[in-house]
Amino acid sequence: MVELLGLMALKTSLPFGKKNGVKDLVFTILSSEYPLRIIQLTNYIKKRYGRSVTFQAVRKAVLELVSESVLIKKDDAFSINKKWVSETKLLLDDLSKKLNRNPVSPKNIHSISEGVSVFTFSSLNKLMKFWQDLIEDWYVNFRKGDYNVNCYQAAHTWEGLLHLDREKELMGQLKKKRIRSYILSTGNTPLDRNIRTFYKEIGMKVTISSSSSSFDKSYYVGTYGDLIIQAQYPDELVKDLDLFFKRNKTIKNFNLKELSDLVGRKVEVKLTVIKNLEMAKQINQSIISQM
């Protein structure tokens, strides 16, 4: 009974056509009785719902649901695809989380060209929350056969310190989706090395490649399939983040308030989002070659 109620709720969330259409009725019947042949479904619709429906109309509805992976066929009989139900449940769970989370909106959005957009934020923390939303969207929409490489280069992977649970949640989806993920840190303080241990424990491939160049200290970039997200931090934030990482040594013993104040400070910072698979592959090659 619980399963049936769950499926009925799912049906209303994902309509297959007009209300009480043939596809809708087929799904409703198969949510409680299965497997059934097309002739059986036709008879059920006629007798239970008093609908004058042809065998051909039911057959068309059933085959469309099969092509959409909602139904599966075995020995000329049809049932609801359990894999489709599981995947749809994940989508609804993700949607619920998003709706119950405070949304982060940029101050300004500027499209440079097709496939390239620049977002302006009033703090580093707001920028990173938006970045994480983009990552989550990529995970949710990722499908088998999609380009499955994710690379991230940063001077300091500080976001895990403030959003540890969400970071675990996001990164935990990597194994489920069979995504190959790499993190390259150009900072080499004791805290950087401690964070590397954390990411390794949740299944990430992490390498520290120390760099003192001003560009590497300010440049943060991530690739997610054909999506590239990048930011260049203002000099004042680069300097203060460096100082924070030098003063604090471990994840278990760091000044949370100091970091929160730092990344929450009012300062204009821009995020560039590019959709370009070939460029993403070039960035990935550059990062992976240093692993």
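The values are calculated or read from the model by the stated rules, or taken from the named source; none is laboratory data. Everything numeric in this text was worked out from a predicted model, so none of it was measured.
Among the residues that make up the stretch 172-186, is at least one of them at positive phi and either hydroxyl-bearing (Ser, Thr, Tyr) or not in a strand (DSSP E or B) (or both)?
So far as the stretch 172-186 goes, yes, one or more of its residues are at positive phi and either hydroxyl-bearing (Ser, Thr, Tyr) or not in a strand (DSSP E or B) (or both).
For Gly17, the requirement of being modelled with pLDDT under 65 and not aromatic (Phe, Trp, Tyr) is met.
Return the residue satisfying two criteria in turn: it lies in the stretch 52-65 and is of a type in the set (Val, Ile, Thr) and assigned to a loop (DSSP other than H, G, I, E, B), and of such residues it is farthest from Asp24 (Cα to Cα).
Here the answer is Thr54.
For the stretch 27-42, filtering for residues that are assigned to a helix (DSSP H, G or I) and at pLDDT 90 or above leaves 5. Looking across the stretch 234-291 at every residue that is of a type in the set (D, E, K, R) and assigned to a loop (DSSP other than H, G, I, E, B), the one that is farthest from the chain's Cα centre (by Cα) is identified as Lys249.
Can you find even one residue in the stretch 66-73 that is at pLDDT 90 or above, more than 30 Å from Lys266 (Cα to Cα) and not in a strand (DSSP E or B)?
Yes; the residues of the stretch 66-73 include at least one that is at pLDDT 90 or above, more than 30 Å from Lys266 (Cα to Cα) and not in a strand (DSSP E or B).
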